Amino acid sequence: MRWQAYHTPQSVDEALSLLSQYAGGAQIVAGGTDLILDMQQGNHSALQALIDVTTIRDLDQIREDNGWIVIGAAATHAAIEASPLIRHHGAALAESCSVVGGPQVRNVATIGGNVAHALPAADGTIGLLALNAEVQVCTWNGAAVECTWQPLLSIFVGPGKNRLAANQMIGAFRFPVRALRSGSAFDRIMRPQGVALPILGVAAQVTLDESGRRAVAASIAVGPAGPIPFRATESETILLGAPTLDETALERAIDAAQRQAELRTSKHRASKEYRHEMIAVLLRRVLPKAVARAQAA
Amino acid sequence: MPTLNLTVNGVAHTLDIPAGRFLAEVLRYDLGLTGTKIGCNEAECGACTVIVNGRSVNSCIYPAFKAQNTEVLTIEGVAATWQSPNLPISQSQEMEQWSDSEIEELHPLQQAFVQHGATQCGFCTPGFIMQAKTLLDANPDPTDDEIKHCLKDTYCRCTGYVSIVNAVKAAAEKMRTGHLPEPVLPDHVEPLMHIGRAIPRPDAVEKVTGKAMYADDYQFANMLYGATLRSEHPHARILSIDASAALALPGVHCVLTQKDIPGELRHGLVEYDWPAFAGGDYPARYVGDPIALVVAESDELAHDALRLVKVDYEVLPVVTDPVMARQPGAPVLHPDRPDGNLLKHIKVRHGDIEAGFAAADVIVERTYRTPMTEHAFLEPECSVAVPAGWNDPRYGPHDKLTIYVGSQIPYADRDQVARCLGIPKEAVRIKGAVMGGGFGGKEDIAGQFHAALAAQVTGRPVKVLYTREESLRFHPKRHATIIRIKTGAKRDGTLTAVEAELYGDSGAYASLGEKVMTRATTHATGPYVVGSAKIDCYAMYTNNAPCGAFRGFGVTQSAFAVESNMDLVAEALGMDPIELRRKNAMRVGAMTATGQVLRDSVGLLTCLEKVENEIRDWRLGDWEIGRLGEGKNDAASISNLQSPISQSLNLFNPIRVGAKVYAWGIAAGYKNTGLGGGAPDKAEAEVEVFPTGRAEIRTSSAEMGQNLIGVLAACTAEELGLPFRDVSVLVMDTDLAPDGGPTTASRQTYLSGNAARLAARSMRERMQGVLAEKFDVPPEVIAFHEGLAYVDEARLAKVKSGNGDWRLEIGDSAPDAQSPISNLQSLNLPISQSRTISFADAVKTLIDEGRSPKLRYEYWAPKTQPLGTGGDMHFGFSYAVHAALVSVDTETGEVAVERVVSAHDIGRAINILSLTGQIEGGIVMGIGNALTEHYIEENGRPWTQHLGQYKMPGIKHMPEMRNFVVEDPTAEGPYGAKGVGEISSIPISPAITNAIYNAVGVRCLALPVDQDALLLAMKRGVREIDRRWGDALER
Ligand SMILES: Cc1cc2nc3c(=O)[nH]c(=O)nc-3n(C[C@H](O)[C@H](O)[C@H](O)COP(=O)(O)OP(=O)(O)OC[C@H]3O[C@@H](n4cnc5c(N)ncnc54)[C@H](O)[C@@H]3O)c2cc1C
């Protein structure tokens, strides 16, 4: 069953008031590369209406604002991949968005959709997470829209489930502009047989002190490593405590990530043991790259 | 209904359409721009790519109202975006079938796709051109890597992408310089007038412009749509069907079930065991079995109504493992059959097997597993049936029940439809639509008879189009096999014995299972002379999807086992794997394990030599180091590893670059041409010559992308001395063209090619006879060349000189088995004006003399013998050797095929461009078989439900290739040709797994290679992987 109405609101207010009116009978669509497929494949109940948020003015904007890089929820993966601003300030995000699907998918798939779809292995999400991103949640209170910024992780509930209510949507994401001596990177391992999502993806960001050897900030995102996108906080603590970011620190961080991550075997996709190994491989690829970028910055 | 405003290819449209429409549907069904194809409905394959406001999108899942107020560009509008900068035209001779202006009016991408053979079945072509256009618009000189990045998720199943990358580069050059470079093709023997040339396929321009008509592109007036209800259970009796709720929906016309079938309830290509609708005495035996057809005013409505049909099932026990299926007590699928679930026990017995093993110094035994795989042709099955007497405003009158379909066996479709409907065969016409790939998957009948039945019942045209999901679930696949094989050899390498036991999972119905597994069995000694053989194969019924024909026809599976064992034997003997193969290679005079003595055309040794020389010459030069090192340019990081095989065999030694290890692996293979095994094998062709100076060749063989039409045109033009463009081809029409037999077993170049060649030759002889009278000369001196008929004065002089028997002389100068024309051409003598007439006038003369301008030729291939009787099991075999350079990432287990060197003995290249396309496409398909493809069923239910869950190789899997063509002619083949369609995808899989072993010392006994299992094996020091990790988990 297809939808009976397709709305193209011009503003967040309009979108959310429509959404509220349908009281669950409508859903937001952006690129549609998750939602429409789910509907087509019978994994999503029929909807009365779709509310397309990509027609909302400026919802696809990518800009620098007062110490933050702000990305509209409707920014496409292609736009993010190509944005000089994001390449400079958030290489991990640019890299993670650049591997999603093919160009045709990236031309329409949005970062908002990637996050809202709430899969623990979604690539753009993993990139954002390592950049300490925040999400702007917009709420329709019956008369007007109120928007608040909150930590990205706060909106995930479980695989495929976010915390957004039927009167809410994502307006934007933001992450701090790149600090001095800071760098980030992303990489992933794919399976050649079936399924577009990665076996494992890892993004990391580090900020170094003046010596260029010690970390003063570190963040590591891994997916899938639990029901929601995962921050390897214990590894981050180890990196921050390490006198220098050398092999020993890296290996200890890997060990900690492997212990903290809740890995599982997904049928026909990857075994737990394999994912365990891949945490090490990807951290060995991603962390040195992030550090090198930090040193070069 | 809401209103959509959009501009398509510069034309503004205002449409009142349902809100739920997709852009692809609007383009195709509302605007009739059917060049945009729908391959998957899940943004996976890219066939639907169009450009919206300058950005490419997958229009199949793009809500139409997203395109509100946009500018859309489709394949139909691409040419107009190109303004030729009026540079000099440099058209190659091969492009002469179109006028310069016809070509110049195309976009350079379209031109290049035509000239480089980058379109085969053509279904993916519009998507590729649109997507590539976005690249060239931004980047006038893209690198290979940039092209691959751009085309990453646009899939082609035919070409193997090589020609596509070349075409994109050629187009870029054309746009920069005005010059369209020609394709670089393998060396091959000197072409005749047409035979052996790189002539683009006759339908290429239609395919690159989106004009080619595939079945779903037909939009009849008042057409209805059928949707098929399929079984929920892999094995269940249908107790009752309640369609009342579906019928209550306005716009639903009828729900057809088994009760509505007027004729035979069951069908099949070999055995009539497959119900057209499950029900009554015939339970559903797999989840693809049809139960009912809902016929409604729209496709969407039909599918919605499907959900309202209630079926009451009695669930039956299920068997899904072929070995279990043979055990006593297993659930029996077809109680009316004599041998339980055994479809066929196939045996090969050759020599004294015990003595063979007793004489062996080494014996290697392993069990191999190959998975069920899917054809993934890009065009899902579609049939459109038009009732007798229907006069359509667009497509004209239909005097009988007519089915438009892309099918590999039109005449079998006709017979099966007639059988099911209980009407005479002559009352049914199958009219071929352009076919978007088949690869064996469009041999069994699909929706043809459902559409026909619905058209009969409703009196209106009915379209039955399968969704991709349905296509995956329904059609027969490549057999999963379990192959235990034991090989014995003497110290000097002589093979003394092969013993093998094969289990083939034929699934729910016979389809072509028996034939496929027979081929697996008879080819289970490989292309080698073996002292003795004892091979037993059990083709089993199970509740999995039926398995049948798929490029390679069983040989893909047994070759994997045979060639893996060959490397194990070589290792055990400390012998070079090439040397071992050479020592035992089949050659003229050798006898196969089925008792056939090979009389001619065994080019295997030449293939081995070509491949060996090429990989011996392959040096890890500076360029390679730079490339393999991926920036790590320090040569120190590249080292020769300790080889798992003896150090002296350095050709296959691994090379480490960083975390990756590279190594070559090799494998050989052979594949029969034609049905063989005693099956009468014939093809019929009809040639007609016209007073316009043109000719048409007709046969109902199938064109599915392989360019059979180009082969038929070339043979006809060659024999009649006509320019290529003056021959048209009509295929796949059971009313207008005689039966060419099934398009399977790599047989059509040989069978239909011969039928066309001999039909044309007979017509030439008829015309020679008439003109001989007219000019009062012996018929043999009448020559045909470039659209002229004339008295060849040089020949005549020879004849007149009375120098012995002139017939002999003529025979010398024009060896009749080959083309007469090439020899005439080389004589290069002035042509007497008075005794030269145009081909058109020659035809007029023929007609004036009361002779028919039409002629049918029935070509019978040489007789073959049934298995077990000795003698010729097949009338010909093609041979190939493949070498693959793989890289294994020792950190992740990821495997990539970096380079492939191949040599194929195909007798004779009829069209070197499409031959190369068959080779490149076959190799990449074989890479998929080794590394990416696995159709997964769990207890008879597909886990693989969408294309996104079935990865066929993408452009990034394409290796660099060097392909050699070996032309060891076979006497009876047209100009010496034999088949190529299948052999090109056979040896590559074991070449890859042999290379993996050479690289990291782990032998993969199961396909596809699993990086997960491979990595864990490397880590744990395990040397053989015999199961996929998924199987291991299931246990
Ligand atoms: C062929 C193919 C390959 C793919 N490959 C990858 C891959 O490699 N990696 C990967 O991570 N993903 C991949 N995807 C998945 C998909 O493209 C991404 O998740 C994409 O980012 C989803 O964005 P969208 O705009 O298309 O979302 P939609 O499908 O439009 O929406 C997805 C969900 O998000 C909600 N939503 C959208 N926008 C908002 C908003 N602003 N506020 C609140 N809710 C919102 C929708 O209601 C819906 O529930 C692939 C998809 C396809 C078809």
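Brief remarks on what is shown
- Filter result (within 27 Å of the chain's Cα centre (by Cα) and among the hydroxyl-bearing types (Ser, Thr, Tyr)) within the stretch B:653-705: B:Tyr670, B:Thr673, B:Thr699, B:Ser700, B:Ser701
- Test for B:Glu933: is it touching a Ser or Thr at 6+ places or on another chain (Cβ under 6 Å), surrounded by 24 or more Cβ atoms within 10 Å (Cβ to Cβ), within 14 Å of chain A (Cβ to nearest Cβ) and in contact (Cβ under 8 Å) with a residue 24 or more places away in the chain: yes
- Any helices (runs of 4 or more DSSP H) falling wholly within the stretch B:92-179 and containing at least 3 residues that are away from the ligand (no atom under 16 Å from the Cβ) and either under 21 Å from B:Gly437 (Cβ atoms) or open to solvent by less than 20 Å² (accessible area, probe 1.4 Å) (or both): B:108-115, B:125-138, B:162-177
- Answer residue from the stretch B:57-78, given it is assigned to a helix (DSSP H, G or I) and within 29 Å of the chain's Cα centre (by Cα) and is farthest from the other protein chains (Cβ to nearest Cβ) among those: B:Glu76
- Filtering the stretch B:192-216 to residues that are open to solvent by less than 10 Å² (accessible area, probe 1.4 Å), closer than 12 Å to B:Gly35 by Cβ and in a helix (DSSP H, G or I) leaves B:Lys207, B:Val208.
- Residue pairs meeting the criteria (Cβ under 6 Å; at least 6 apart or on separate chains; first of a type outside the set (Val, Ile, Thr), in the stretch A:249-263; second surrounded by fewer than 20 Cβ atoms within 10 Å (Cβ to Cβ) and outside any helix (DSSP H, G or I)): A:Ala249/A:Ala242; A:Glu262/A:Gly226
- Members of the stretch B:26-49 found to be outside any loop (DSSP other than H, G, I, E, B) and away from the ligand (no atom under 16 Å from the Cβ), listed by number: B:Val26, B:Leu27, B:Arg28, B:Tyr29, B:Asp30
- Number of the condition not met by A:Met1 [criteria: (1) buried (at least 23 other Cβ atoms within 10 Å of the Cβ); (2) free of Cβ contacts under 8 Å to residues at least 60 places away in the same chain; (3) not basic (Lys, Arg)]: (1)
- From the options A:Gly142, A:Gly102, residue that is near the ligand (Cβ under 10 Å from one of its atoms), over 13 Å from the mean Cα position of the chain (by Cα) and not hydrophobic (A, V, I, L, M, F, W, C): A:Gly102
Here is a yes/no grid of residues against (1) over 29 Å from B:Thr869 (Cα atoms); (2) assigned to a strand (DSSP E or B); (3) touching a residue at least 12 places away in the same chain (Cβ under 8 Å):
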{"site": "B:Pro331", "(1), (2), (3)": "yes, no, yes"}
{"site": "B:His334", "(1), (2), (3)": "yes, no, yes"}
{"site": "B:Leu343", "(1), (2), (3)": "no, yes, yes"}
{"site": "B:Lys347", "(1), (2), (3)": "no, yes, yes"}
{"site": "B:Phe357", "(1), (2), (3)": "no, no, yes"}
{"site": "B:Phe377", "(1), (2), (3)": "yes, no, yes"}
{"site": "B:Val384", "(1), (2), (3)": "yes, yes, yes"}
{"site": "B:Ser407", "(1), (2), (3)": "yes, no, yes"}
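- Hits in the stretch B:224-256 - residues which are open to solvent by less than 30 Å² (accessible area, probe 1.4 Å), closer than 26 Å to B:Val384 by Cα and assigned to a strand (DSSP E or B): B:Leu224, B:Gly226, B:Ala227, B:Thr228, B:Leu229, B:Arg230, B:Val252, B:Cys254, B:Val255, B:Leu256
- Of all residues in the stretch A:188-201, those being open to solvent by 10 Å² or more (accessible area, probe 1.4 Å) and within 17 Å of A:His117 (Cα to Cα) number 3.
- Criterion: open to solvent by 10 Å² or more (accessible area, probe 1.4 Å), charged (D, E, K, R) and under 18 Å from the mean Cα position of the chain (by Cα) - qualifying residue of B:Asp444, B:Asp492: B:Asp444
- In the stretch B:51-66, the residues that are within 16 Å of the ligand (Cβ to nearest atom) and either under 17 Å from A:Arg106 (Cα atoms) or surrounded by fewer than 24 Cβ atoms within 10 Å (Cβ to Cβ) (or both): B:Val52, B:Arg55, B:Ser56, B:Val57, B:Asn58, B:Ser59, B:Cys60, B:Ile61, B:Tyr62, B:Pro63, B:Lys66
- B:Tyr975 being crowded, with 21+ Cβ neighbours inside 10 Å and within 14 Å of chain A (Cβ to nearest Cβ): no
- Residues in the stretch A:29-46 that are more than 16 Å from A:Thr8 (Cα to Cα) and more than 8 Å from chain B (Cβ to nearest Cβ): A:Asp34, A:Leu35, A:Asp38, A:Met39, A:Gly42, A:Asn43, A:His44, A:Ser45, A:Ala46.
- Scanning the stretch A:49-61 for residues that are under 16 Å from A:Arg2 (Cα atoms) and more than 10 Å from chain B (Cβ to nearest Cβ) yields a total of 1.
- Going through (1) surrounded by fewer than 20 Cβ atoms within 10 Å (Cβ to Cβ); (2) within 10 Å of the ligand (Cβ to nearest atom); (3) charged (D, E, K, R) one by one, A:Arg87 falls short only on (2).
Residue-by-condition table, conditions (1) at negative phi; (2) modelled with pLDDT of 55 or more:
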position: B:Ile625; (1), (2): yes, no
position: B:Gly631; (1), (2): no, no
position: B:Ser637; (1), (2): yes, no
position: B:Glu686; (1), (2): yes, yes
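- Members of the stretch B:18-39 found to be on the phi < 0 side of the Ramachandran plot and open to solvent by 10 Å² or more (accessible area, probe 1.4 Å), listed by number: B:Pro18, B:Arg21, B:Glu25, B:Tyr29, B:Asp30, B:Leu31, B:Leu33, B:Thr34, B:Ile38
- Only listed residue being more than 8 Å from the ligand (Cβ to nearest atom), crowded, with 24+ Cβ neighbours inside 10 Å and not small (Gly, Ala, Ser), chosen from A:Val108, A:Val135: A:Val135
- Options A:Ala179, A:Ala217, A:Ala185, A:Ala204: the member that is away from every other protein chain (no Cβ under 14 Å), surrounded by fewer than 21 Cβ atoms within 10 Å (Cβ to Cβ) and in a strand (DSSP E or B): A:Ala217
The values are calculated or read from the model by the stated rules, or taken from the named source; none is laboratory data. Worth saying up front: this structure is predicted, and the values here are computed from it rather than measured. In this analysis, Cβ positions are derived from the backbone assuming ideal geometry, glycine residues included, and neighbour counts consider all displayed protein chains. Ligands, DNA and RNA are excluded from the accessible area calculation, which covers all protein heavy atoms including side chains. Shrake-Rupley method; radii C 1.70, N 1.55, O 1.52, S 1.80 Å.
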